[in-house]
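The block underneath contains the structure these notes are about, expressed in structure tokens.
The values are calculated or read from the model by the stated rules, or taken from the named source; none is laboratory data. Quantities reported herein were computed from a predicted structural model and do not represent experimental measurements. Here the Cβ positions follow ideal geometry from the backbone for every residue, glycine too, while neighbour counts run over all protein chains shown. Side chains included, ligands, DNA and RNA excluded: accessible areas come from the protein's heavy atoms. Shrake-Rupley method; radii C 1.70, N 1.55, O 1.52, S 1.80 Å.
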Amino acid sequence: MSSHRTGLVYLDHAATTPMRPEAIAAMTEELARLGNPSSLHAAGRRARRVVEESREQLAEVFGARPSEVVFTSGGTEADNLAVKGLYWARQDGSRPQGKRQRVLTTSVEHHAVLDSVRWLEEAQGAEAVWLAVGGDGAARPDALRAAIAQAPEQVAVASVMWANNEVGTVQPVSELAAVAHEYGVPFHTDAVQAAAQLPVDFAASGVDALTVSAHKLGGPVGVGALILARGAGPVPVLHGGGQERDIRSGTLDTPAIRAFAVAAAVCAEQRAEEAERLAALRDDLVRQVLAVVPDAVLNGPPPGPGRLPGNAHFSFPGCEGDALLMLLDANGIACSTGSACTAGVAEPSHVLLAMGADDSRARGSLRFSLGHTSTKHDVDALGLVIGEVVDRARRAAAR
Ligand SMILES: Cc1ncc(COP(=O)(O)O)c(C=O)c1O
């Protein structure tokens, strides 16, 4: 599906990206077939084969062993399983030092991590330690070291995302994981946004747990995985039939899993070329916006290796982000004020606030995110209307 052909200018690929035609074909074929992969008869065994082949394909794409891939219902569930499950697994009532109650994370995480950590604090007696980030949204390995070194025996788990969903900051995940490991602390990373655009290699990164989600890379919504190193045994969040080595119970969704693997393979094959193409398109988008709105501020790191190639995120002084979003929508242009999961609630972005932005800058911001169907036409369409849209939003805010 080209957004050009549908008439929609879709600049919200970080929220969800169109399914790849190959994934739609694989899923459609599989939907017409029968079999629970846990059943022992021929139909079940056939479904099991599809699941295991998909697991192998995904493991290859993400530099993992097939046995390390645990299927989930998406990124949110994988993040919950990692943060809560690894926290619980590190509690040992018989330790003379007492509880390991500390969870180290940043305040720019997706809500799936952020709110899991907050829940552990409120309901489980954990203590969150929020690592500061710089004005570009990046966490520093020395800040992680300092936070762990205060009381290494009390740290249960650390979690820092691979790439930020709002401003596209790429975190130094390998360095962070290495610091955590010096102290024997398990390290999780949410790679949901990174997986479509950057080479994500689980083994090479050295992390213990890594979250991916199919619908951000051209697969269906509602399926994802937690990639888990051997020995990193989280306590399950979902109990039931004992699927996925008892780590995540629930009947496996064979069609979605197959489509996830197909999408990931296509994505991996085209990734290097796509990253270059998207970065060029993004640079063009940034140029066009700044040409007509010179006081717009590009949030996050400068374009380059520290930023997702498909991400552009601006603050437009004197505007409300929601007003800008609706005015662009009226022009057939889809974008976001930040995380799609919290859009609709008129709150300033927690990510921008953590990066040091004030309330009004955080409120007047928009994210444009590019993906595999993005074209120059999309960028030019935004460039044509953004000046007038910003003028109108400013007049509305001044009233
Ligand atoms: C960084 C990040 N983590 C987690 C999620 C949640 O993934 P899912 O939509 O598969 O639950 C998202 C989705 O917006 C995300 O961007």
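Observations on the structure shown:
- Take the conditions (1) of a type in the set (Ser, Thr, Tyr); (2) in contact with a helix residue (DSSP H, G or I) (Cβ under 6 Å, 6 or more places away or on another chain); (3) open to solvent by 10 Å² or more (accessible area, probe 1.4 Å); (4) not in a helix (DSSP H, G or I); SER39 misses just one of them, which is (2).
- For LEU325, the requirement of being open to solvent by 10 Å² or more (accessible area, probe 1.4 Å) and either closer than 17 Å to ALA14 by Cβ or among the hydroxyl-bearing types (Ser, Thr, Tyr) (or both) is met.
- Hits in region 364-388 (condition: assigned to a loop (DSSP other than H, G, I, E, B) and hydroxyl-bearing (Ser, Thr, Tyr)): THR373, SER374, THR375
- Scanning region 290-308 turns up no residue that is touching a residue at least 60 places away in the same chain (Cβ under 8 Å) and either aromatic (Phe, Trp, Tyr) or under 11 Å from PHE368 (Cβ atoms) (or both).
- Which listed residue is more than 19 Å from THR106 (Cβ to Cβ), crowded, with 21+ Cβ neighbours inside 10 Å and more than 8 Å from the ligand (Cβ to nearest atom), from LEU210, LEU217: LEU217
- All told, ALA146 meets the bar of being free of Cβ contacts under 8 Å to residues at least 12 places away in the same chain and hydrophobic (A, V, I, L, M, F, W, C).
- Considering region 56-83, and only residues there that are under 16 Å from ASP246 (Cβ atoms) and open to solvent by 20 Å² or more (accessible area, probe 1.4 Å), the residue that is farthest from the ligand (Cβ to nearest atom) turns out to be SER67.
- All of ALA272, ALA225, ALA259, ALA268 fail the test of being aliphatic (A, V, I, L, M), within 16 Å of the ligand (Cβ to nearest atom) and assigned to a helix (DSSP H, G or I), apart from ALA259.
- Residues in region 232-279 that are out of contact with any helix residue (DSSP H, G or I) (no Cβ under 8 Å at 6 or more places or on another chain), within 28 Å of ALA180 (Cβ to Cβ), open to solvent by less than 30 Å² (accessible area, probe 1.4 Å) and not basic (Lys, Arg): 2 in all.
- Test: residue in region 171-193 that is among the aromatic types (Phe, Trp, Tyr), away from the ligand (no atom under 15 Å from the Cβ) and in contact (Cβ under 8 Å) with a residue 12 or more places away in the chain: yes
- Residue within region 105-119 that is closer than 30 Å to SER365 by Cβ, surrounded by 17 or more Cβ atoms within 10 Å (Cβ to Cβ) and away from the ligand (no atom under 16 Å from the Cβ) present: no
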